[in-house]
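Notes for the one structure printed next.
The values are calculated or read from the model by the stated rules, or taken from the named source; none is laboratory data. The structure presented is a predicted model; accordingly, all values stated were derived computationally and were not measured. Every residue, glycine among them, receives a Cβ derived from its backbone with ideal geometry; neighbour counts consider all protein chains shown.
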Amino acid sequence: MLNRENSIRVKVFRYDPNYDKEPHYQTYVVPYEEGMSVMNALDYIYYNMDSTLAFYDHAGCYLGICYRCTAKVNGKPSLMCQNKVTEDILVEPLEKRKIIRDLVVEPKKR
Amino acid sequence: MLNKIVTDVLVVGGGGAGFKAAIDICQKGLKATLLSKGPLSRSGATPMAGADYTLDGESLSKFNGLNGDPNDSPEKMFNDILTQGWFLNNQKLIEQYINLAPVCLRELLEWGIKIKLSDERMVFTSSIEIMNAVYNKAKSANVEMFEDVLLLELLVIDGKVVGGVGLDFKSGELIYFSAKAVVIATGGWHKAFWPNTGMRDLTGDGIAMAYRAGADLGNMEFITFCNNVLLHPPIWKGSIAPYVLSLFVGGSLTNRHGENILEKYDPYLVEKGTKTEWNKSFISYITEKEVKEGKGLSHGGVHYSRGNVSWEKVEAAASLLFPEWKYRGINFSEWASKLKDNQPVEVGPAVEYFEGGILVNEHLETSLDGLYAAGECTLGPFGANRVFSAITEIFVHGTTAGINAAKYAKEVDRLKVDPKKLSAIKNRIEAPLYKTNGLHPAQIRMKIQKYAHKYLGPIRNKQGLEEFLNILDKIKQEMPYMATIDKKRTYNKEWLEILELENIVQLLNISARSALLRTESRGVHYREDYPYTDNNNWLLESITRRINSDFKTCWRPLTITTAMPPTGVAPYLNFMKQMMQSHSDTKGKH
């Protein structure tokens with residue numbers, strides 16, 4: 001059984017501008033593992049709970065090199081792959097970027 | 001119908017090889033279109049490299065301000081690449097690598113990359129600098145670049161490759177690319193395994209679609225595992241930081257009983273197998289052996305600690321490799337405290353490089369007209385084991401493939417693709433979106449990754465490979481029944497996962513069958529049931545060709561220019577030692 005000691009609550013922003021009228025939030029209860037990242041928690045959700053959750057991982061490095069997984073975690077922009085989870089988290093897309101779907105936003109123009 | 005993009009040469013892949021090919025095509029006055037599956041200049045394997053660039057010391061010594069052993073020579077380097085590759089190398093491709101390495105380095109320096117340090121045969125730079133340099137150069141050369149766009153299928157008319165069908169992954173729209181020639185530069189297929197040291201976009205798309213189009217593949221059984229890769233905590237899983245550190249300072253490897261693993265082996269093997277880049281094959285083999293014998297730790301690895309190496313020496317190396325224990329977005333300060341207290345971390349082999357791939361000649365032509373390949377996706381110069389740098393390979397190959405594809409594109413007419421053919425491809429690609437019931441891909445991929453590491457890892461045997469082939473056959477039969485739960489087109493992970501799985505399963509199948517057929521041990525291919533290197537029977541390349549829905553693997557004699565390979569049979573580690581001892585007198589890590 002998942003309880004407060006061995007699990008965390010991951011609240012995620014959901015929105016697909018092509019299909020949804022407005023954004024909403026969805027909360028998942030994910031098993032906690034020492035030394036896990038926000039990305040690890042999202043991977044767990046995708047594999048085991050909800051494969052419709054979109055976050056940028058079809059490419060990218062998960063080791064802090066490409067910076068493409070940047071999102072807001074508990075209100076602060078950070079790399080999801082190198083942000084260690086220690087408590088319940090709120091995950092939202094970066095502000096002032098066009099939302100493609102859920103946590104995936106348009107990259108910065110170079 | 002599909003959106004259409006018209007170009008002269010379509011370059012598939014946004015790593016170093018793709019960029020270099022596209023730049024050279026534009027410089028020949030043609031239009032090049034480059035597809036990057038992920039973020040532009042942060043995609044593919046290149047940005048994950050350390051990165052070292054290797055060339056012969058004699059040429060290196062002529063560069064201002066760089067080291068390089070003037071007593072080294074192209075001949076010595078040829079000998080060393082050949083013995084490191086256990087004589088299975090295509091000797092024409094070795095010569096090409098050696099000849100073009102200094103030319104390409106000079107060009108990279110002109111493009112502004114900075115060198116951190118250099119030794120007898122190597123310059124150490126940053127892969128991010130390399131990617132920024134090629135990106136800026138591609139922009140000024142007017143390469144047309146697409147981000148988050150991948151190619152899914154090649155288009156072939158009368159045996160000629162004339163473009164392909166791609167997917168803009170963010171919007172979910174399909175694109176028809178009309179081209180006169182195509183360069184595949186999609187790298188390896190790391191995602192078939194977990195852990196791995198590559199980006200998440202490396203799923204062998206290019207190798208698999210070339211194979212489907214009818215191109216031959218070769219030596220698919222040879223897969224390099226990087227040693228001492230972090231297996232825990234999850235946030236660092238796949239990081240090669242302990243590998244890099246151990247190459248510079250050494251350190252201790254112990255199993256679950258606390259036994260020193262390195263002490264079990266011939267000191268000569270240990271010396272060469274830890275202080276040079278022979279470590280990938282040697283350490284991956286000996287640490288995986290501990291795990292197979294039940295002496296591994298809870299995450300399938302062994303312990304790495306600094307052992308007898310002083311903390312000061314570790315700190316000094318780290319200050320150069322990852323200043324303040326940081327490397328871009330990753331922070332290793334917790335590992336630093338462990339190292340200081342001489343506490344271990346769990347490490348193990350993780351898939352890193354694929355020696356085999358699309359069969360090419362020295363012009364980087366494949367067996368199909370109009371199709372070129374460059375970089376890791378090819379059967380390149382390294383034979384059964386790579387020690388020299390793959391960064392050099394991408395620039396050497398990118399240059400050659402780009403120039404030859406441009407030459408070809410200038411000579412041929414554009415061919416028209418039958419719209420019926422495009423609709424058939426579209427229907428196949430979109431099928432998982434329209435099925436209401438079916439199997440879901442996410443769990444299947446995780447299962448495949450686990451078995452791939454277990455059965456196609458650094459240690460293999462008949463029973464395991466056969467079991468793996470059975471598992472893959474079952475999944476192959478299930479493939480047509482896969483469906484997405486998610487029916488939206490925008491950034492649909494499941495949809496891509498199904499399309500990628502098809503490629504991954506196909507390449508694993510070919511690799512496992514080639515590994516099963518090669519009844520000897522050589523380079524990174526070790527067979528428990530055939531622990532001998534057999535130079536009387538196995539100095540052959542495995543060549544795989546599609547025949548309808550199945551494939552055939554046959555054997556091709558080696559491509560030899562100057563060096564005759566040895567004869568005889570020797571136990572695996574004995575032959576490895578012989579190969580290490582045949583190294584020229586040039587020092588350094590290669």
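Brief remarks on what is shown
- Positions within region A:74-89 being aliphatic (A, V, I, L, M) and within 11 Å of A:Leu42 (Cβ to Cβ), in sequence order: A:Met80, A:Val85, A:Ile89
- A single entry from B:Glu352, B:Glu393 fulfils the requirement of being at pLDDT 95 or above, in a helix (DSSP H, G or I) and buried (at least 24 other Cβ atoms within 10 Å of the Cβ): B:Glu393.
- Some residue of region B:18-30 being at pLDDT 95 or above, in a helix (DSSP H, G or I), within 19 Å of B:Leu379 (Cβ to Cβ) and within 14 Å of another protein chain (Cβ to nearest Cβ): yes
- Listed by first and then second residue, the pairs linking a residue in region B:431-447 that is under 13 Å from B:Asp486 (Cβ atoms) to a residue that is among the aromatic types (Phe, Trp, Tyr) and in a helix (DSSP H, G or I), with Cβ atoms under 8 Å apart and 6 or more places separating them unless they lie on different chains, are B:Pro432/B:Trp495; B:Leu433/B:Trp495; B:Lys435/B:Tyr481; B:Gly438/B:Tyr481; B:Ala442/A:Tyr46; B:Ala442/A:Tyr47.
- Of all residues in region B:207-256 being more than 14 Å from every other protein chain (Cβ to nearest Cβ), among the aliphatic types (A, V, I, L, M) and surrounded by fewer than 22 Cβ atoms within 10 Å (Cβ to Cβ), the one that is nearest to the chain's Cα centre (by Cα): B:Ala213
- Residues that are at pLDDT 95 or above and within 14 Å of chain A (Cβ to nearest Cβ) number at least 2 in the following strands (runs of 3 or more DSSP E) confined to region B:125-206: B:144-147, B:149-157, B:160-168.
- On inspection, B:Leu508 does not qualify as more than 14 Å from chain A (Cβ to nearest Cβ) and surrounded by fewer than 23 Cβ atoms within 10 Å (Cβ to Cβ).
- You will find that of B:Ile444, B:Ile448, B:Ile498, B:Ile485, the residue that is in a helix (DSSP H, G or I), within 14 Å of chain A (Cβ to nearest Cβ) and modelled with pLDDT under 95 is B:Ile444 and no other.
- Pick from region B:467-513, criterion over 18 Å from B:Ser549 (Cβ atoms) and among the aromatic types (Phe, Trp, Tyr), ranking: nearest to the chain's Cα centre (by Cα): B:Phe468
- Just so you know, in region A:42-72 the residues that are more than 7 Å from every other protein chain (Cβ to nearest Cβ), surrounded by 24 or more Cβ atoms within 10 Å (Cβ to Cβ) and of a type in the set (A, V, I, L, M, F, W, C) include one that is farthest from B:Met446 (Cα to Cα), and it is A:Ala71.
- Search result, residues across region B:432-441 that are surrounded by fewer than 16 Cβ atoms within 10 Å (Cβ to Cβ) and in a helix (DSSP H, G or I): B:Tyr434
- Filter result (more than 8 Å from every other protein chain (Cβ to nearest Cβ), touching a residue at least 40 places away in the same chain (Cβ under 8 Å) and either in contact with a helix residue (DSSP H, G or I) (Cβ under 8 Å, 6 or more places away or on another chain) or not in a strand (DSSP E or B) (or both)) within region A:79-101: A:Met80, A:Asn83, A:Val85, A:Glu87, A:Asp88, A:Ile89, A:Val91, A:Pro93
- Within region B:43-71, tally of residues that are more than 16 Å from the chain's Cα centre (by Cα) and either of a type in the set (Phe, Trp, Tyr) or within 14 Å of chain A (Cβ to nearest Cβ) (or both): 1
- Among the residues of region B:36-75, the ones that are closer than 15 Å to B:Leu100 by Cα, in contact with a Leu (Cβ under 7 Å, 6 or more places away or on another chain) and assigned to a loop (DSSP other than H, G, I, E, B) come to 1 in all.
- Criterion (out of contact with any Leu (no Cβ under 6 Å at 6 or more places or on another chain) and of a type in the set (Gly, Ala, Ser)) met by exactly one of B:Gly464, B:Gly383: B:Gly464
- The set of residues in region B:523-545 that are buried (at least 18 other Cβ atoms within 10 Å of the Cβ), under 23 Å from the mean Cα position of the chain (by Cα) and not in a loop (DSSP other than H, G, I, E, B) comprises B:His525, B:Tyr526, B:Arg527, B:Glu541, B:Ser542, B:Ile543, B:Thr544.
- Subset of region B:328-349 [among the hydroxyl-bearing types (Ser, Thr, Tyr) and either surrounded by 18 or more Cβ atoms within 10 Å (Cβ to Cβ) or more than 13 Å from chain A (Cβ to nearest Cβ) (or both)]: B:Ser337
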